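Peer 1: Here it is, the structure, as structure tokens.
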Amino acid sequence: MNQTVKIRLNDVKTLAHDILKGAGYGADHAQSIAEMLYTCQLDDCQSHGLFRLFMCIDTIKAGKIDGQAEPQITNPGKAIIRADARGGMSLLAMQAAMPELIDKTREFGVAAMAINRCFHFSALWPEVERLSAAGLAAIAMVPSHSWVAPAGGTRGTLGTNPLAFSWPRQGKMPFTFDFATSAFARGEIELYKRAGKPLPDGVAIDKEGNPTNDPDAALGGAMLTFGGYKGSALSIMIELMAGPMIDDLTSLESHEFAEGKGGAPYHGEIVLAFDPAQFSGGKLAENDARAERLFADIIDQGARLPSQRRFAARERNLHRGYVEIPAALHEDLLALLP
Ligand code: NDP
Ligand code: PYC
């Protein structure tokens, strides 16, 4: 970051909330979106923090979202919870169904939540981390828009399709990771564009299918998956599990639905939760200790666990009472205020 601005923690939520309300989101949606943006900004997740307000506003402007939608929660199967966002942003539906997902997982050992008919702009780690705070392991997956070429392909078919996992640890922050199955998240490429920086190799191809380091050419061409055919296969799995399996759209279909009008993708999300206590054969403490041995062996080598940067940022920002964002971003956000 070059020039930065410090924003006090409470002001992060207020700024986001006021922009969202002013743009036409209902009070509950504005509150849940602002909370998510604050949570990400607190952890210095720049690509899905306050920066994502632009996508939220573009979504309203595109005219397809219902900014007042009230989610509806149903139980199509014993351990399945369906949270129908009914054409609104995903977060209110997710929040409404989360307590039931936790209860069902404790009851059955395994449970799944399908969020349907939602616009989706956010990071997934806050959702799986919340489940780990309740002592559960969790996986969350979501498609997006068909910006990403399959390995060996030349045009966008897959979404940036993030995969998040979290594992509860006694008395410690959970083991959590959350990443796009594209080499870069779309939001990260947009940040490179804003900063006028070239992309590293291996992130995207241009419209003609040639490798490119130019963010504009990447956004107009196709993104690449991480890890070649391995990331590509994981991304296809996410399309299937969070698309047709839960009776919702693939990234291709979401892209078509948008009709080039911009804003957040519209599709579904799946969250799977597991209760380690019920798998443990009565040896939860012993099994937890074995998991801790695994983490210790990783850390002993000087490697770091995923999310450590994030947890450190959270602690630092909470301690000092503010977050720092680029001054140019702050200026552009202020211009969104009603
Ligand atoms: P990153 O590449 O920034 O990070 C991926 C994960 O890897 C993080 O958990 C990170 O931990 C960890 N990590 C990074 N470096 C190391 C390292 N050296 N050793 C161990 N772990 C490491 O993620 P992306 O840019 O791919 O995704 C960013 C966010 O974008 C995600 O939260 C994702 O959910 C969101 N997203 C949302 C989409 C949507 O459709 N809703 C689509 C695509 C992405 P740490 O944070 O501590 O560095
Ligand atoms: O960064 O790829 C991304 C993204 C897509 C939808 C929300 N974020």
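Derivation of every value follows stated rules applied to the coordinates shown; laboratory data play no part. Predicted model, so just to flag it, every value in this text is computed and none were measured. For neighbour counting, all protein chains shown are included, and Cβ atoms are generated from backbone atoms with ideal geometry for every residue, glycine included.
Peer 1: Can you go through Arg304, Arg309, Arg290 and tell me which one is away from ligand 1 (no atom under 16 Å from the Cβ), over 30 Å from Met245 (Cβ atoms) and out of contact with any helix residue (DSSP H, G or I) (no Cβ under 7 Å at 6 or more places or on another chain)?
Peer 2: None of the other options fit; the residue is Arg290.
Peer 1: Of all the residues that make up segment 88-108, how many are touching a residue at least 60 places away in the same chain (Cβ under 8 Å), within 21 Å of Ala30 (Cβ to Cβ) and in contact with a strand residue (DSSP E or B) (Cβ under 7 Å, 6 or more places away or on another chain)?
Peer 2: Of the residues in that region, 3 qualify.
Peer 1: Applying the selection to segment 166-178, what residues are within 13 Å of ligand 2 (Cβ to nearest atom) and surrounded by fewer than 14 Cβ atoms within 10 Å (Cβ to Cβ)?
Peer 2: none
Peer 1: Between residues in segment 307-319 that are under 15 Å from Lys6 (Cα atoms) and residues that are within 16 Å of ligand 2 (Cβ to nearest atom) and not acidic (Asp, Glu), which pairs lie under 8 Å by C-beta distance while being six or more apart or on different chains?
Peer 2: That search, which allows pairs on different chains as well, returns nothing.
Peer 1: So which pairs qualify, if the first residue must be in segment 46-60 and over 10 Å from Ala264 (Cα atoms), the second must be hydroxyl-bearing (Ser, Thr, Tyr) and surrounded by 22 or more Cβ atoms within 10 Å (Cβ to Cβ), the Cβ gap must be under 7 Å, and the two must be at least 6 apart or on different chains?
Peer 2: What qualifies is His48/Ser122.
Peer 1: Which of the residues that make up segment 9-24 are of a type in the set (Val, Ile, Thr), in contact (Cβ under 8 Å) with a residue 40 or more places away in the chain and farther than 12 Å from Leu334 by Cβ?
Peer 2: Quick first cut of segment 9-24, residues of a type in the set (Val, Ile, Thr) only: 12, 14, 19.
Next, only the ones that are in contact (Cβ under 8 Å) with a residue 40 or more places away in the chain stay: 12, 19.
Within segment 9-24, Val12 is the sole residue that qualifies.
Peer 1: In the list Leu249, Leu337, Leu272, which residue meets the criterion of being away from ligand 1 (no atom under 16 Å from the Cβ) and under 30 Å from Ile60 (Cα atoms)?
Peer 2: Leu337
Peer 1: Something else about it: Can you name the residue in segment 97-106 that is in contact with an Asp or Glu (Cβ under 9 Å, 6 or more places away or on another chain) and not hydroxyl-bearing (Ser, Thr, Tyr) and, of all such residues, is farthest from Lys78 (Cα to Cα)?
Peer 2: Result: Met98.
Peer 1: Among Glu259, Glu324, Glu315, which is closer than 30 Å to Arg117 by Cβ and of a type in the set (D, E, K, R)?
Peer 2: Glu259
Residue by residue, here is whether (1) surrounded by fewer than 20 Cβ atoms within 10 Å (Cβ to Cβ); (2) within 12 Å of ligand 2 (Cβ to nearest atom); (3) in contact (Cβ under 8 Å) with a residue 40 or more places away in the chain holds:
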| position | (1), (2), (3) |
| --- | --- |
| Trp125 | no, no, yes |
| Leu136 | no, no, yes |
| Val142 | no, yes, yes |
| His145 | no, yes, yes |
| Ala180 | no, yes, yes |
| Ile189 | no, yes, no |
| Arg194 | yes, no, yes |
| Leu199 | no, no, no |
| Asp206 | yes, no, no |
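Peer 1: Could I ask something else about it? Has segment 21-31 got at least one residue that is under 29 Å from Val110 (Cα atoms) and among the basic types (Lys, Arg)?
Peer 2: no
Peer 1: Which members of segment 46-76 meet the condition of being within 18 Å of Ala327 (Cα to Cα) and touching a helix residue (DSSP H, G or I) at 6+ places or on another chain (Cβ under 7 Å)?
Peer 2: Listed by number, the residues that qualify are Gln46, Ser47, His48, Gly49, Leu50, Phe51, Arg52, Leu53.
Peer 1: Residues that are within 16 Å of ligand 1 (Cβ to nearest atom) and surrounded by fewer than 23 Cβ atoms within 10 Å (Cβ to Cβ): find the helices (runs of 4 or more DSSP H) completely inside segment 1-87 holding 2 or more of those.
Peer 2: Fully inside segment 1-87 and qualifying: 27-42, 53-62.
Yes/no matrix, rows are residues, columns are (1) among the charged types (D, E, K, R); (2) more than 25 Å from Gly262 (Cα to Cα):
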residue	(1), (2)
Leu101	no, yes
Lys104	yes, yes
Ser132	no, yes
Ser144	no, no
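Peer 1: Could you please give the count of residues in segment 247-263 that are touching an Asp or Glu at 6+ places or on another chain (Cβ under 8 Å) and part of a helix (DSSP H, G or I)? I'd like the intermediate steps shown before the answer.
Peer 2: Going through segment 247-263, the residues touching an Asp or Glu at 6+ places or on another chain (Cβ under 8 Å) turn out to be 250-251, 262-263.
Among the residues that remain, those that are also part of a helix (DSSP H, G or I) are: 251.
Residues that pass the stated criteria total 1.
Peer 1: Can you list residue pairs whose Cβ atoms sit under 6 Å apart, with the first residue in segment 262-277 being of a type in the set (Phe, Trp, Tyr) and the second being in a strand (DSSP E or B)? Count only pairs 6 or more apart in sequence or on different chains.
Peer 2: Between residues of segment 262-277 that are of a type in the set (Phe, Trp, Tyr) and residues that are in a strand (DSSP E or B), the close pairs are Tyr266/Phe119; Phe274/Val110; Phe274/Ala137.
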